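One structure is given here, and the rest of the page talks about it.
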Amino acid sequence: MGSDAVLLFRAVLVAAFLVVWYLLTCRIFPYRRCRACGGSGSRKAPFGSSYAPCRRCAGSGGRLRLGRHIWNFLFR
Ligand SMILES: [Zn+2]
């Protein structure tokens, strides 16, 4: 094996490690804050004190991360 192959092997190893690490964090922390409502789960009306549940996250304030979708797809 030449030195180029060793470098490539190391790069692949690091990439694989990062992918596994990302999937594991998505396993432990599956949600990210909803951008539409800032994690509050509700949208305020432009006037008064009226508000409605956020449509993007259905009022939960969190959205499932992409990695968690992948995790569910792989390990369901
Ligand atoms: Zn939301």
Item to check | Helical contribution to [θ] at 222 nm, DSSP H n ≥ 4, -39,500 (n - 2.57), averaged over the chain, rounded to 500 | outcome: -16000 deg cm²/dmol
Checklist entry - Nearest 20 debye, what's the magnitude of the dipole of the range 16-63 about its Cα centre given +1 on Lys and Arg Cβ and -1 on Asp and Glu Cβ? => result 120
Checklist entry - According to a simple spin-label model (label point 7 Å from Cα along Cα-to-Cβ), what is the distance in nm between Tyr51 and Thr25? => result 2.9
Checklist entry - Among Leu66, Ala16, Ser49, whose Cα sits farthest toward the positive end of the charge dipole of the range 3-75 (+1 at Cβ of Lys/Arg, -1 at Cβ of Asp/Glu, about the Cα centre)? => result Ser49
Checklist entry - To the nearest 10 degrees, how steep is helix 66-75 against the longest Cα principal axis of the chain, on a 0 to 90 scale? => result 60
Next on the checklist: Strictly under 4.7 angstrom between C-beta atoms: which cysteines of the chain have no such partner?
Outcome noted: Cys26
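Each reported figure results from applying straightforward, stated rules to the coordinates on display, with no laboratory input. The structure displayed is predicted, hence computed values, not measured ones. When we count neighbours, we look across all protein chains shown, and the Cβ atoms used for this are built from the backbone with ideal geometry, even at glycine.
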